[in-house]
1. Go through LYS77/LYS301; LYS113/LYS145; LYS145/LYS398; LYS223/LYS298 and tell me which ones have a Cα-Cα distance over 23 Å in this structure.
2. With the contact rule set at Cα under 8 Å and sequence spacing of 6 or more, what percent relative contact order holds for segment 88-192?
3. Quick check: pseudo-label points 7 Å beyond the Cα along Cα→Cβ at THR290 and LYS113, how many nm apart are they?
4. Taking a ≥ b ≥ c as the square roots of the Cα gyration tensor eigenvalues, with a/c under 1.5 meaning rounded and otherwise prolate when a/b beats b/c, else oblate, which class fits segment 60-169?
5. Taking the highest mean first, how do the peptides 116-127, 284-295 order by number of other beta carbon atoms within 10 angstrom per residue?
6. What does the highest-first list of 198-204, 372-378, 78-84 look like by mean Cβ count within 10 Å?
7. Per residue of segment 359-371, in order, report the coupling 6.51 cos²θ - 1.76 cosθ + 1.60 (Karplus, θ = phi - 60°) as ³J(HN,Hα) in whole Hz, putting x for Gly and Pro.
8. Taking the Cβ of VAL193 as the center, what net charge do the other residues with Cβ under 10 Å away carry, scoring Lys and Arg +1 and Asp and Glu -1?
Amino acid sequence: MVLLCGWRWELWGELKMTKTGDYCVKRRLKISTPKHPHNLCLNMSSRHDKGVNVQVLLRCRPFSNEELKNNAPQVVKCDEYQREVAVSQSIAGKQIDRVFTFDKVFGPTARQKDLYEQAVIPIVNEVLEGFNCTIFAYGQTGTGKTYTMEGECKRSKSGPNGELPPEAGVIPRSVKQIFDMLEGQNAEYSVKVTFLELYNEEITDLLAPEEISKVVVEDKQKKLLPLMEDGKGGVLVRGLEEEIVTSANEIFTLLERGSAKRRTAETLLNKQSSRSHSLFSITIHIKESTPEGEELIKCGKLNLVDLAGSENISRSGAREGRAREAGEINKSLLTLGRVINALVEHLGHVPYRDSKLTRLLRDSLGGRTKTCIIATVSPAVHCLEETLSTLDYAHRAKNIKNKPEVNQ
Ligand code: ADP
Ligand code: MG
């Protein structure tokens, strides 16, 4: 097995900028480019040409110690087999009984491993086949978005056979699956990662090599990155550090570095992380040979998004007004909701351009990317209003159909 870091693209074909701002090698067909009969980039999107619905999963976390201590009543009940979530509670003499169905439901006893094996393995397999996929974690602060996406990432805690700790979340498990697969096959490949945070419509590179303390204490010194149009309908984050990695451990180190930056900012900058979005992306290029001796390059990208707490976008206009006064309104999260609405209602105008998050992830909603949303809720009564809001929002998102086009 040969590993390529910094590919000799010119050997394989002309570079082309994709809609998401990545480079891939332009498709070269034998018949149209007789001088380069062996250069062929797979046209992966054709398998999805009929369009696929956004997949929506629901995860309800267990009670916290505090909630157990207070004997908090349980208002959310999960029926994993029926893929149903029931919310039941009487408030001021009014009974609330609602049932929501999702593509999959994970209750309080579901382990990280269960969610990963049942929902994420097939998505990562698609990425390894050369597709772009996005997983969003959406929900109120404290319901388990970061636990689900990152969990316990420290490789140093892994077992003697390299297995991950049981608390490892979607990101470390995806990284492990990707490298296990790549290292086990006889193909050349490259893996690149980026990790950014979006807070108050400002993008920060979580992998930038500055000192964490400098970034946090001297906020003005934080390097903010501009989002640029690439001239082809996509966007680019100018100056975003793109790390070429050669092993899962290298990614775990980067992930720890980036997460530490996010966590440190949280304590010093007034809970910034609950109002910020993080986007961890892994781009894979795999070079393969067909039995006919042609060379294929598969380009797949996995976007893993830990969204800001959804309590910042209440359904109520009055609450929204108060949030705006408090300077807490989250433009990207609001716009995400409006984009979902526009897609579900088939409105002519979809306001992707109104926020950085939706500009960055435009292709994941109504585009060519295969998308999964993991909505997270608390089982406790004190979160009832936000839980219903999350369930409504997530249920609505089930109706989004991504309509892949043929990548020419
Ligand atoms: P969020 O990112 O949505 O604000 P966190 O991921 O930080 O929430 O989770 C809040 C707390 O709840 C953390 O202490 C986390 O470990 C715990 N937690 C969340 N989901 C689960 C779960 N499914 N199982 C066990 N603990 C969980
Ligand atoms: Mg979090």
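A short reminder: the numbers here are calculations on the coordinates, not readings from a lab. Bear in mind the structure is a predicted one, so any value in this text is a computation, not a measurement. Cβ sites come from the backbone with ideal geometry, for glycine too, and all protein chains shown count toward neighbours.
1. Correct reply: LYS77/LYS301; LYS223/LYS298.
2. This gives 23 percent for segment 88-192.
3. In this crude spin-label approximation the distance works out to 4.1 nm.
4. It is oblate, given that a/c is not under 1.5 and a/b is not larger than b/c.
5. Order by mean packing, descending: 116-127, 284-295.
6. Going by the mean number of other Cβ atoms within 10 Å, highest first, we get 372-378, 198-204, 78-84.
7. Result, ordered by residue: 5, 5, 10, 3, 5, 7, 10, x, x, 8, 6, 7, 10 Hz.
8. So the environment of VAL193 carries a net charge of -3.
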